[in-house]
């Protein structure tokens, strides 16, 4: 009886540690930001990114265009329409203990104009400079909880 109980517990432990990644989901926040040199304001909802934006980019104005919360599953692209002919595609391509790997694409008329891969750590934000938009450029801010 003790052997059976011990074997059962061992199997449960193995199942917990070797659960397929396909069952894992990563909660991701995407903020689409327009950065420009027109004016000198920062959107109040971007205050938490102000220092990071200023240290990486040399713009005087930052405006939040979109704030999305996504639940990403491995190898299942999330499509987000961004502008008339542009779409954003985010795919969870890997997940390890403290790292989620994402592929980020911006498509214009079906063609990739940005295709990059990022690693996200819990509680940190990654900024990606994107294409021109209006009188400035688009910056993507990605963060994850897992």
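The values are calculated or read from the model by the stated rules, or taken from the named source; none is laboratory data. Quick caveat: nothing in here was measured; it's all calculated off a predicted structure. Reconstructed Cβ throughout: ideal geometry from the backbone, glycine too, with neighbour counts over all protein chains shown.
Checking residue 24 against (1) over 22 Å from residue 138 (Cα atoms); (2) surrounded by 13 or more Cβ atoms within 10 Å (Cβ to Cβ); (3) at pLDDT 95 or above, only one condition comes out false. Which one?
Among (1) over 22 Å from residue 138 (Cα atoms); (2) surrounded by 13 or more Cβ atoms within 10 Å (Cβ to Cβ); (3) at pLDDT 95 or above, residue 24 violates only (3).
Here's a check for you: in region 116-134, which residue that is modelled with pLDDT under 90 and over 13 Å from the mean Cα position of the chain (by Cα) is farthest from residue 29 (Cα to Cα)?
Once the filter is applied, the top-ranked residue is 134.
Given 64, 56, which one is in contact with a helix residue (DSSP H, G or I) (Cβ under 6 Å, 6 or more places away or on another chain) and closer than 18 Å to residue 33 by Cβ?
Numbers: 56 fails: in contact with a helix residue (DSSP H, G or I) (Cβ under 6 Å, 6 or more places away or on another chain).
Answer to the check: 64.
Here are 33, 106, 80: which of them is in contact with a helix residue (DSSP H, G or I) (Cβ under 7 Å, 6 or more places away or on another chain), closer than 18 Å to residue 132 by Cα, in contact (Cβ under 8 Å) with a residue 24 or more places away in the chain and surrounded by 14 or more Cβ atoms within 10 Å (Cβ to Cβ)?
33
Going by the structure shown, is residue 82 within 17 Å of residue 26 (Cβ to Cβ), part of a strand (DSSP E or B) and touching a strand residue (DSSP E or B) at 6+ places or on another chain (Cβ under 6 Å)?
So residue 82 does not fit the description; no.
Within region 130-146, how many residues are closer than 23 Å to residue 42 by Cα and outside any strand (DSSP E or B)?
So the count comes out to 2.
Would you check if residue 57 is surrounded by 13 or more Cβ atoms within 10 Å (Cβ to Cβ) and either out of contact with any strand residue (DSSP E or B) (no Cβ under 7 Å at 6 or more places or on another chain) or touching a residue at least 40 places away in the same chain (Cβ under 8 Å) (or both)?
In short, yes.
Using the structure shown, decide if residue 71 is touching a strand residue (DSSP E or B) at 6+ places or on another chain (Cβ under 8 Å), touching a residue at least 12 places away in the same chain (Cβ under 8 Å) and in a loop (DSSP other than H, G, I, E, B).
no
Of everything in region 95-115 that's more than 15 Å from residue 30 (Cα to Cα) and part of a strand (DSSP E or B), which residue is modelled with the highest pLDDT?
115
Working carefully through the options 46, 92, 88, 127, find the one that is part of a helix (DSSP H, G or I) and surrounded by 13 or more Cβ atoms within 10 Å (Cβ to Cβ).
Details: 92 fails: part of a helix (DSSP H, G or I); 88 fails: part of a helix (DSSP H, G or I); 127 fails: part of a helix (DSSP H, G or I).
Residue meeting the stated conditions: 46.
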